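Asker: Before we start, here is the structure in question, set down as structure tokens.
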Amino acid sequence: MNCCAGPPGIDAVFDARLAGREARRFERRGLPARALRLLDGIRTGLPATASLEVGGGTGGLSLTLLREGVDRATLVDPSTAYIAQARRLASATGLSARIDIRHGAYPGAAPEDAVDLIVLDRVVCCDPDWQGLLRPAARQARHMIALSYPRSAWWTALLVRAVNAGLRLMRETFRMQHHDPEAMHALLREAGFEPRVIGHYWMWELVVATR
């Protein structure tokens, strides 16, 4: 598999219809409640001049960070449809000159320069190799990593299995992942970060890890 292609089946699941719906929602109502809560956690202690959003989708969070004072943002996403919408939104908001939007998977498609903040909102659950996302993020982030993932609960595990059963019925190759939060937190601590759970939103656990 190409190192920048992302997990199998990304384009089939995260397609033009879904990307267009999320982009229009951002244009009408701004960020969804989950992303707003993660943004609140980022605001608490970030001296950000540069951010990198991994699996940034249509770009709403990165564009909001730019509006709130981040100088430069980079967005990386393996979905062709989401990248197209992110570029459209960046142009529509007049922020194209301050955001670098790259099609591909992290870390292969991303620049190697250190950044103040890395965001992985609903990203580790899209990839069976969560360490392949968090290890390079921990090396690249100077100050903060913000992430969300399916929380550790029996009903969350059941929901993930139900989602994957539906994907199998539709003959999709993409699968949602349910990783161990404690293992992810341990990796971040080993890299010099202190992860802090800032809240939950439905099935999602929201974490901000700072150096």
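Asker: If you average the sequence gap of Cα pairs under 8 Å that are 6 or more apart and divide by the length of the chain, what percent do you get for the contact order? If you can, show how the numbers build up before the last one.
Answerer: Numbers: 391 pairs, mean separation 46.8, N = 211.
Computed over the chain, the figure is 22 percent.
Asker: Further question: Of Ala141, Ala153, Ala73, which is the most mobile in a GNM of the chain whose springs link Cα atoms less than 10 angstrom apart?
Answerer: Comparing Ala141, Ala153, Ala73 in the GNM, the peak value goes to Ala153.
Asker: If you don't mind, another one. Which residue, Asp121, Asp15, Asp77, tops the fluctuation ranking in a GNM of the chain built on C-alpha contacts under 10 Å?
Answerer: Asp15
Asker: Decide, for the stretch 83-199, between rounded, prolate and oblate: order the square roots of the alpha carbon gyration tensor eigenvalues as a ≥ b ≥ c, take rounded if a/c falls under 1.5, and otherwise choose prolate if a/b is larger than b/c, else oblate.
Answerer: In terms of gyration-tensor shape, oblate.
Asker: Moving on to the next point. So if I take the centroid of the Cα atoms in the stretch 36-91 and the same for the stretch 147-202, what is the distance between those two points in Å?
Answerer: 21
Asker: What is the calculated FRET efficiency for Arg98 to Arg211, with r their C-beta to C-beta distance and R₀ = 25 Å, to the nearest 0.05?
Answerer: 0.50
Asker: To continue, here is another question. Which label belongs to the value computed from this structure, given these candidates for Cα Rg over 2.2 N^0.38 Å: (1) 1.09; (2) 1.02; (3) 0.95?
Answerer: (3)
Asker: Can you give the accessible area of Glu194 in Å² (nearest 10), computed on protein heavy atoms with a 1.4 Å probe?
Answerer: The accessible area of Glu194 comes to roughly 100 Å².
Asker: Positive end of the charge dipole of the chain (Lys, Arg +1 and Asp, Glu -1 on Cβ, about the Cα centre): tell me which of Ala50, Tyr149, Gly132 has its Cα farthest that way.
Answerer: Tyr149
Asker: Can you give the extra length, in nm with one decimal, that the chain gains between Ala12 and Asp129 once fully stretched, where that is 0.36 nm per residue apart less the Cα-Cα distance?
Answerer: Gain in length upon complete extension: 40.1 nm.
The values are calculated or read from the model by the stated rules, or taken from the named source; none is laboratory data. Quick caveat, the model's predicted, so the values are computed rather than measured. No Cβ is skipped: glycine too gets one built from the backbone with ideal geometry, and neighbour counts run over all protein chains shown. Note: areas computed on protein heavy atoms with side chains; ligands, DNA, RNA excluded. Shrake-Rupley method; radii C 1.70, N 1.55, O 1.52, S 1.80 Å.
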